[in-house]
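*Asks:* The structure under discussion is supplied below as structure tokens; questions concerning it will follow.
The values are calculated or read from the model by the stated rules, or taken from the named source; none is laboratory data. Small disclaimer: the values here were computed from a predicted structure and weren't measured. Positions of Cβ are backbone-derived with ideal geometry, glycine not excepted, and every protein chain shown enters the neighbour counts.
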């Protein structure tokens, strides 16, 4: 397996472009199953996860063309060749489960494996299936597969989510756009990726109102058309690089980053003494003068602090001038990076869903191992701040969500390189 070697201590200076959001792109890819005309996505990230999704879509009959030079993905589902998403493909990535709703809406039936993905908690799909049942689908689970049917079409419904779920909100939207009648999603997720999916679906002829609010209203239509849509900038990628600059020191422009999508992170970073300002079409990050100040925060659904930035923020606070308290409220098992950060000299005490991070004067490089996508990049952030060399193992996790990370950091002065495993 590939590894990443980082020699810390070099401040970052320059510009880092922010690509389209992985968490949005994957659901937009699933939306290509809904119309018989092409869906063209611009500002598309080229990631292991988006490539997995393309493979799955091809197996369902979608014609796909990737134009690397313009970062454009063209998908055309003129006909659905298969309604079966097998375990071998869905297990690789949780978001691939989201083909179920579009297949159910367009064809009236589908058989999709229960999903896999990162080991950061159970993350059950019960809310997804209950939403489809509310829309009239018959759901059966057999031998690890979800078998769903709505042969007379889905029906609009009032759906109340018992807790906020980004995945369930998006999946219900993907199905409801072709349902008969009106659908109302209550206690819906409000993340920017929800609004991005709605914008794309509306460009395809859907009738969605309220995306980005806790109540989303959808008037079903009989069919959708093709469209061209730019994927929204990745707020998690932007936040990760912002925290990397704060940890390593320096002054970097994050080109394309959105201030309005990062409010909770910016509040934490400013409290730590980091400067964050709008600069043209992006954000400029200037590290604190000396070690950052300690900050307490907890993860929450948007517009709260993103769980997907918790690990990276912890890495920064490992070198703060005091103790910080982090409370994780979204996923269980999401402090698995703490023992690896401790290998670099971090002082972290985890109890349940809370972690107390007592900042140290310096971290020291060491071999570490990634446990999931966000944890892997938190080790990169810590490595940039550490003295000496840090080797991050199992970086296939990182490749699922960050395109060209080493090149982007190296262009800003970081001493970072990928160590590729030679074939036996």
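*Asks:* Filter region 244-295 down to the residues that are touching a residue at least 60 places away in the same chain (Cβ under 8 Å), in a strand (DSSP E or B) and over 21 Å from the mean Cα position of the chain (by Cα) and list them by number.
*Replies:* 250, 251, 252, 253
*Asks:* Out of all the residues in region 310-327, which are surrounded by fewer than 23 Cβ atoms within 10 Å (Cβ to Cβ) and touching a strand residue (DSSP E or B) at 6+ places or on another chain (Cβ under 8 Å)?
*Replies:* 320, 322, 323, 325, 327
*Asks:* Looking at (1) on the phi < 0 side of the Ramachandran plot; (2) out of contact with any strand residue (DSSP E or B) (no Cβ under 8 Å at 6 or more places or on another chain); (3) not assigned by TED's automatic domain parsing to the domain that holds residue 408, which is the only condition residue 239 fails?
*Replies:* (3)
*Asks:* Is it the case, given these coordinates, that residue 77 is crowded, with 22+ Cβ neighbours inside 10 Å, in contact (Cβ under 8 Å) with a residue 24 or more places away in the chain and outside the structural domain of residue 281 (by TED's automatic domain parsing)?
*Replies:* Spelling it out, residue 77 is indeed crowded, with 22+ Cβ neighbours inside 10 Å, in contact (Cβ under 8 Å) with a residue 24 or more places away in the chain and outside the structural domain of residue 281 (by TED's automatic domain parsing).
*Asks:* Which members of region 374-394 meet the condition of being modelled with pLDDT under 95 and surrounded by fewer than 24 Cβ atoms within 10 Å (Cβ to Cβ)?
*Replies:* 393, 394
*Asks:* Across region 48-69, which residue is farthest from residue 112 (Cα to Cα) among those that are in contact (Cβ under 8 Å) with a residue 40 or more places away in the chain and part of a helix (DSSP H, G or I)?
*Replies:* 48
Condition check ((1) over 25 Å from residue 224 (Cα atoms); (2) touching a helix residue (DSSP H, G or I) at 6+ places or on another chain (Cβ under 9 Å); (3) modelled with pLDDT under 95; (4) surrounded by fewer than 20 Cβ atoms within 10 Å (Cβ to Cβ)) across all residues:
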| site | (1), (2), (3), (4) |
| --- | --- |
| 91 | yes, no, yes, yes |
| 96 | no, yes, yes, no |
| 101 | no, yes, no, no |
| 137 | no, yes, no, no |
| 142 | yes, no, yes, yes |
| 145 | yes, yes, yes, yes |
| 164 | yes, no, yes, yes |
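*Asks:* Determine if region 201-208 includes at least one residue that is at pLDDT 95 or above, closer than 18 Å to residue 100 by Cα and surrounded by 18 or more Cβ atoms within 10 Å (Cβ to Cβ).
*Replies:* Yes, region 201-208 has at least one match.
*Asks:* I've got another one for you. In this structure, is residue 72 surrounded by fewer than 19 Cβ atoms within 10 Å (Cβ to Cβ), out of contact with any helix residue (DSSP H, G or I) (no Cβ under 9 Å at 6 or more places or on another chain), outside the structural domain of residue 401 (by TED's automatic domain parsing) and free of Cβ contacts under 8 Å to residues at least 12 places away in the same chain?
*Replies:* No; evaluated as a whole, the condition is false for this residue.
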